[in-house]
Amino acid sequence: MADLLGSILNSMEKPPTVGSQESRRKAREQAARLKKMEELEKRKKAEFRKKMEKEVSEFIQDSAQQKRKYNPMGKIERSILHDVSEVAGLTSFSFGEEEESRYVMLFKKEFAPSDEELEAYRNGEEWDPKLAEQRRRLKEQAALEETASSKTKKTEMCPNTNYRDKYVHLIGTSAAKDAAHTLEANRAYGCVPAANKRDTRSVEEAIDQIRAKKRQKQEEDSGAPSSSS
């Protein structure tokens, strides 16, 4: 009997201690604070969206305005403004390098920005249509000059006159260098090695041989019989 009662008492949930009650109370308070913060954040977003919808509507109705620039704002606010402008049929862009300096600009569809204008905003510059027109003309002029220069260089590299045809009466139908590759051996001379075409005798030997030939000729002439008259 005692064992049965002990097992029943052990299976029953023990009453909460003071520490566990305190932790659960803190957890409930924290959850309540989080819920309150979420509701507050949700209400702020709704109020900001309503404010942007009103400003965008006024911007659309103002025919004197072509674009509108907003002060830097957070990422959530920028996303809300982009969404409102898209629903209203506007074009929107964010500019600025650093997160804390990012801002939004709205443009009406009929006054959408050009690539040059967007590039100026991205570079942190103010858009000046007159200055942009001057830059555009300078670029066009530079492109024309470059094209003309390239055509001039091409003309210089490709002359209109064929000098070989012009001076054919002086150099013949082929240049000397080309003609050298088409020369043929003289059959009367014979195709012999170059070493055999050279005179390997010294000067003294050549003179002695010439003198010996003269003496031999004189001796032959002096020994010949004289003819009768």
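Quick notes on this structure:
- The modelled label-to-label distance between T152 and D208, using points 7 Å beyond Cα along the C-beta direction, is 7.5 nm.
- Rounded to the nearest 0.05, the FRET efficiency derived from the C-beta distance between I76 and L131 at R0 = 35 Å is 0.45.
- Of the cross-linked pairs K108/K130; K51/K75; K26/K75, those separated by over 23 Å at the C-alpha level are K26/K75.
- In Hz, Karplus ³J(HN,Hα) per residue of the stretch 66-75 (6.51, -1.76, 1.60; θ = phi - 60°; x = Gly, Pro): 9, 8, 9, 10, 9, 5, x, 8, x, 5
- Per residue accessible area in Å² of the stretch 52-128, where ligands, DNA and RNA are left out and the probe is 1.4 Å: 62 Å²
- Contact order normalised by residue count of the stretch 52-128, Cα under 8 Å, 6+ apart, percent: 30 percent
- Using only side-chain charges placed at the Cβ, +1 for Lys and Arg and -1 for Asp and Glu, the dipole size of the stretch 52-128 relative to its Cα centre rounds to 320 debye.
- FRET efficiency for D83 and Q141, using Cβ-Cβ distance with R0 set to 41 Å, rounded to 0.05: 0.40
- Protein-only accessible surface at a 1.4 angstrom probe places the residues S85, S57 in the order S57, S85, largest first.
- Among 94-107, 23-36, the order from most to least packed when residues are scored by Cβ within 10 Å on average: 94-107, 23-36
The values are calculated or read from the model by the stated rules, or taken from the named source; none is laboratory data. All figures in this text were calculated on a predicted structure; none of them were measured in a lab. Cβ: placed from backbone, ideal geometry, glycine included. Neighbour counts: every protein chain shown. Heads up: the accessible areas ignore ligands, DNA and RNA and are worked out on the full protein's heavy atoms, side chains in. Shrake-Rupley method; radii C 1.70, N 1.55, O 1.52, S 1.80 Å.
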